[in-house]
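Input: a single structure, listed below in C-alpha cells.
The values are calculated or read from the model by the stated rules, or taken from the named source; none is laboratory data. From a predicted model like this one, the values you see are computed outputs, not experimental measurements. Counting neighbours? That spans all protein chains shown, and the Cβs are built from the backbone with ideal geometry, glycine included.
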Amino acid sequence: MLKILIARSRGAANPRFLALLCTLLSAATQVGAVEVEDLYRVSVTVAGEDAAQRKSALQEAFRGVLVKVTGSRQVIARQSLQADIADPSRFVQQYRYRALPTQGDVPAANRLLEVAFDADELERLLQQRGLPQWGVNRPGILVWLGLDEQGQKRRLALPEIDLALYRALQEGAATRGLPLLLPLMDLEDQSQLQVADLWGDFENNIRAASRRYGPDLILVGRISALDRELWRGEWRLYQADRASAWNNQAESSSALAADALQRAGDELAALYAPLRQERDLSTVRLQVTGIHSLEDYASVLEILSTQQSLERVVVVSANADTIVYDLHGLGGASALESGLRIGGRLEPDLQSGRGSDPLTTLVDLYYHLR
C-alpha cells in the first residue's frame, strides 16, 4: 500500500486540509491506464486429474501468476521463491478442471486447469521477498500488423481473415497481463493507415491513425514469410516520446506475434516494475502545477498511487496552484517519468524554472496537471 504523508515544513498547506485529500483516493476515478482483469488467474493444460499431475500443473500456474503480477519472466528463477513454487498450495484460492475440445480425431489436450490465486497472500509474499508488484492498472497497447506473404501483395492484417494471428496476440498478452487494444480495421482505419506506413516507419501517420483508440503505447509489427516454415518479424514499440525496435524469427506468424508480446512485456516491466537485486529506495522531488481544486489534488494523488515503483509519497509544499512531493521508491526519476505520463493527465512542465525557495530548487521533475 502506497503511503501518503504530509511534511510539516515551511510553506506547507494546512495539514488537516491536505489529509482530507487522501480520503478522496478511494472514490477517485482511475486515471489513464487500463485495469487488467483476471490478473490472479492462470490456466494450464493437464493430461489428467491425479495428484501428481495436479501438483505439477499448480506449480506451472504459480510460475505464470508470478510473471503476470511482477511483470518479469526472470522472477521465477529467484532462489528465494523456489520453496514457494515447489508447494504453491497456500496461495491457491480455488481451481477447477475444464474439458478441451478435440481437433479432428486427436484430442488437443485432455483438460484445462483454471487456477485463481489469493491476491493478498501473493502481495504479502512479494513484499517479504523484496520483489516488485505491477498493479492492475497498466498501459494499454494498440497493435498494428502488416503481412508480407510469399507471392502475395503486402497487406494489413485483418481480424476476420487472420484469426490465428490475432488469437496468438491475445493469448500472449494474457500471459503477461497486458491490456491489448486491437484495431477494428474498419473503413476508417483502412483509410487512415496504409501498409506502406508500417513498412516505411512513418511514425506520424501511425500515431495519427491510433488516436481514435487512445492507447498509451503502440506496437507495430511487419511480418514476412521467408519460406513455408520460417517467418521473420520486425517490431517497433512506440511510447510517448521514444521508440524501441527488435526482430525475431519463428516457424509461423502466430509464433512471431506471441513472442513479440513477451518482448514488449519485458520492456514495460523494466519501466513500470523494475526487478532489483536490493530494495534500495531513492527519493525524487516532483513539482506539479495546475492544481486548482480538491478534485485536482485527488487526481494527482490517484496518479501517484498507481505508480508501482513508489512506496511512500510526502507532500512537502503546497502554495497557490503548485504542490511539491518527495517520492520514495525504486527506479529513480527515469522509472517515474514513464509511469506519470500514462493517461495524459500529467504532462512535462517546460515553463517551470528553479526558484529561490529551497523546496523548489531541489526539484527533479516538473509536471503540469491538464
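Counting only residues that are assigned by TED's automatic domain parsing to the domain that holds Leu156, at pLDDT 90 or above and among the charged types (D, E, K, R), give me the strands (runs of 3 or more DSSP E) lying completely in the stretch 197-289 with at least 1 of them. I'd like the intermediate steps shown before the answer.
Details: elements: 217-227, 230-238, 243-250, 282-289.
Qualifying strands (runs of 3 or more DSSP E): 217-227, 230-238.
Quick check on Leu340: is it of a type in the set (A, V, I, L, M), touching a residue at least 12 places away in the same chain (Cβ under 8 Å) and under 17 Å from Val363 (Cβ atoms)?
Details: of a type in the set (A, V, I, L, M): yes; touching a residue at least 12 places away in the same chain (Cβ under 8 Å): yes; under 17 Å from Val363 (Cβ atoms): yes.
Yes.
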Legend entry - Matching option when the condition is closer than 20 Å to Ser253 by Cβ, without any contact (Cβ under 8 Å) to a residue 60 or more places away in the chain and either of a type in the set (Val, Ile, Thr) or surrounded by 20 or more Cβ atoms within 10 Å (Cβ to Cβ) (or both), among Pro159, Pro183: Pro183
Legend entry - Single residue of the stretch 319-328 satisfying the filter (touching a residue at least 24 places away in the same chain (Cβ under 8 Å) and surrounded by fewer than 22 Cβ atoms within 10 Å (Cβ to Cβ)) that is farthest from Leu217 (Cα to Cα): Asn319
Inset, instruction - Check the stretch 157-164 and report whether any residue there is more than 18 Å from Arg236 (Cβ to Cβ), touching a helix residue (DSSP H, G or I) at 6+ places or on another chain (Cβ under 9 Å) and not in a loop (DSSP other than H, G, I, E, B). - result: yes
Legend entry - Residue tally, condition hydroxyl-bearing (Ser, Thr, Tyr) and out of contact with any Pro (no Cβ under 7 Å at 6 or more places or on another chain), over the stretch 164-204: 2
Inset, instruction - Inspect the stretch 194-210 for any residue being closer than 22 Å to Ser224 by Cβ and among the polar types (S, T, N, Q) and give the result as yes or no. - result: yes
Legend entry - Leading residue by the ranking (farthest from the chain's Cα centre (by Cα)) among those in the stretch 292-316 that are part of a strand (DSSP E or B) and not charged (D, E, K, R): Val316
Inset, instruction - Determine whether Val136 is within 28 Å of Val69 (Cβ to Cβ), crowded, with 18+ Cβ neighbours inside 10 Å, of a type in the set (A, V, I, L, M, F, W, C) and modelled with pLDDT of 95 or more. - result: no
